[in-house]
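Presented below is the structure to which this report refers.
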Amino acid sequence: MRTFKVIRDPKAFELLADETRRRMIYLLRAKEMTVSQVAAELGLTPQAIYHHIRKLKDAEMVEVAREERVDHFIETYYQASAELFHLAHGESESLEDREKRAKEALRALGRIGYNVVVDDATAAKIVDLERRLEKIGLKQEWVEKVGDLEDVEFPVKWSLEHYAKLLSMTDSEFEESTKLSREIRKILRSKLAEPVKAATGAR
């Protein structure tokens with residue numbers, strides 16, 4: 001298994017939008033497992049897991065680790081193709097796909113208590129700001145170094161990458177990133193259909 005892999009295929013982002021596939025990646029990063037083992041772990045049918053495995057394999061996020069003969073059958077063990085995936089969506093995902101994803105996320109906010117008015121112009125503006133924000137402070141050399149740290153836990157690497165990005169920013173870059181984040185927040189709050197409740201914890 002590679003320690004680090006950059007994912008640039010827009011289809012991979014759609015795959016990882018599914019919680020079951022994300023959980024499968026997490027399991028297969030930890031150890032090699034068969035379809036039946038993954039199914040038992042997640043409480044799903046082997047048929048459903050095989051369907052997900054096939055899609056993840058086509059996206060090169062899952063690979064065959066080994067095959068083992070059991071009686072007259074061949075058991076296939078799968079593993080994640082890398083310990084750490086860096087999703088470089090800003091470099092490969094089409095603008096149309098990204099705006100579509102933004103609109104879906106905006107609509108989903110209503111399911112957690114933030115009802116916003118969703119329209120094409122809002123999604124387009126947010127995506128433009130996000131793309132500008134992502135480019136600030138990102139340095140490929142330390143992204144790869146983070147991936148090569150074999151003694152650092154997988155979830156920790158995500159935080160490590162975030163901290164490294166903050167540290168690599170100049171003061172002017174940090175101010176610019178803060179400004180862009182404020183603009184995104186301002187747009188979101190201006191589209192609220194009702195006052196924010198979830199943020200205060202009030203009932």
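No lab work stands behind these numbers, since they all come straight from the coordinates. Since we're looking at a predicted model, the values are computed, not measured. Here the Cβ is made from the backbone with ideal geometry for all residues, glycine too, and neighbour counts use every protein chain on show.
Things to note:
- Evaluating 6.51 cos²θ - 1.76 cosθ + 1.60 at θ = phi - 60° for every residue in the stretch 100-112, the Karplus couplings come out as 4, 5, 5, 5, 5, 5, 5, 5, 5, 4, x, 6, 10 Hz, glycine and proline recorded as x.
- Segments 48-57, 113-122 sorted - mean Cβ within 10 Å per residue, highest first: 48-57, 113-122
- Spin-label pair Ser172-Arg132: with each label point 7 Å from Cα along the Cα-Cβ axis, the two points sit 1.6 nm from one another.
- Compactness of the stretch 94-190 - radius of gyration and Dmax, Cα, Å: 16.0, 45
- Which listed pairs, of Lys125/Lys179; Lys55/Lys103; Lys135/Lys165; Lys100/Lys191; Lys125/Lys191; Lys103/Lys125, have C-alpha distances above 19 Å, in listed order: Lys55/Lys103
- Amide H within-cut-off set for Val116, under 5 Å, with H built and near neighbours excluded: Gly110, Ala193
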